[in-house]
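The next block holds one structure in the form of structure tokens; read it before the comments.
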Amino acid sequence: MPKRGYHHGNLRQALIEAALELIEARGPTGFTLSEAAKQAGVTPAAVYRHFDGREDLIAEAARQGYEIFADLMDFAYQSGQPSALKAFEATGRAYLAFARKYPGHYIAMFESGISVNRTPDLAAVAGRANAVLERAATDLSQHIPEDRRPPASMFSAHIWALSHGVVELFARNSPGRASPFPADDLLETGIGIYLRGLGLVRPDE
């Protein structure tokens with residue numbers, strides 16, 4: 001295997017890409033730093049020039065994932081403007097699209113057990129991603145009478161949980177979890193039911 005890290009002059013990124021491949025194939029605890037080094041085509045000792053251990057490597061993969069995720073969520077939010085409803089629904093679809101397109105990053109972010117507060121940079125970008133969904137929820141909730149309006153943070157947390165549940169159960173080919181409905185339809189109808197309960201979507205929509 002060619003030494004991709006040295007050849008491209010970016011050993012650190014080569015190790016991250018190797019880790020992402022291993023995370024996708026085996027899960028976040030299914031590989032060693034030595035295996036990540038071998039996948040990148042370098043010696044195990046070379047890993048420690050950039051990362052103190054496997055968790056640091058996974059945390060950086062998660063940070064890069066959150067960067068991509070936050071950008072996708074913001075693009076989705078902006079694409080739905082000026083309709084608060086379309087912007088909100090677009091963020092839900094973006095969540096599902098991200099999980100499908102970037103499974104290694106998704107696992108590192110949400111299934112590795114790495115805290116988003118592990119580093120200031122990771123916490124900052126995770127907060128940026130969450131802020132997009134909360135902003136979309138805030139915009140949409142302005143259409144609810146104030147005495148019945150849930151906090152935007154609760155509103156966005158409900159939809160984040162719904163999106164995450166659909167991904168975990170039905171969008172990533174979990175064994176024994178096949179659904180008779182496409183994951184996109186499950187998410188769309190679930191969000192629709194939630195929004196109808198808040199009076200934001202008419203029953204016939």
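So which residues in the range 71-92 are within 12 Å of the chain's Cα centre (by Cα) and in contact (Cβ under 8 Å) with a residue 12 or more places away in the chain, if there are any at all? Step through it out loud before you land on a result.
Filtering the range 71-92 down to residues within 12 Å of the chain's Cα centre (by Cα) leaves 71-73, 91-92.
The answer is L72, M73, T91, G92.
What number of residues within the range 135-159 are in contact with a Phe, Trp or Tyr (Cβ under 9 Å, 6 or more places away or on another chain), open to solvent by 60 Å² or more (accessible area, probe 1.4 Å) and assigned to a helix (DSSP H, G or I)?
2
For the structure I just gave you, tell me whether V125 is among the β-branched types (V, I, T), over 18 Å from the mean Cα position of the chain (by Cα), open to solvent by less than 40 Å² (accessible area, probe 1.4 Å) and at negative phi. Give the derivation first.
Numbers: among the β-branched types (V, I, T): yes; over 18 Å from the mean Cα position of the chain (by Cα): no; open to solvent by less than 40 Å² (accessible area, probe 1.4 Å): yes; at negative phi: yes.
Criteria not met by V125.
I'd like the full set of residues that are small (G, A, S) and outside any helix (DSSP H, G or I), limited to the range 114-134.
S115
Taking the range 95-106, which residues are open to solvent by 10 Å² or more (accessible area, probe 1.4 Å) and either touching a residue at least 60 places away in the same chain (Cβ under 8 Å) or not hydroxyl-bearing (S, T, Y) (or both)?
The answer is A97, R100, K101, P103, H105.
The rows are residues; the columns are (1) within 28 Å of A161 (Cβ to Cβ); (2) exposed (fewer than 15 other Cβ atoms within 10 Å of the Cβ).
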{"site": "N10", "(1), (2)": "no, yes"}
{"site": "A18", "(1), (2)": "no, no"}
{"site": "E24", "(1), (2)": "yes, no"}
{"site": "P28", "(1), (2)": "yes, no"}
{"site": "E35", "(1), (2)": "no, no"}
{"site": "I58", "(1), (2)": "yes, no"}
{"site": "F69", "(1), (2)": "yes, no"}
{"site": "S79", "(1), (2)": "yes, yes"}
{"site": "R93", "(1), (2)": "yes, no"}
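In the range 37-55, which residues are open to solvent by 80 Å² or more (accessible area, probe 1.4 Å) and more than 22 Å from V116 (Cβ to Cβ)?
The answer is K38, Y48, R49.
Filter the range 81-90 down to the residues that are loosely packed, with under 15 Cβ neighbours inside 10 Å and among the small types (G, A, S) and list them by number.
S83
The values are calculated or read from the model by the stated rules, or taken from the named source; none is laboratory data. Only a predicted model underlies this, so the values are computations on that prediction, with no experimental measurement involved. Quick reminder, even Gly has a Cβ in these numbers, built from the backbone with ideal geometry, and neighbours come from all protein chains shown. The accessibility values were calculated without ligands, DNA or RNA, using every heavy atom of the protein model including side chains. Shrake-Rupley method; radii C 1.70, N 1.55, O 1.52, S 1.80 Å.
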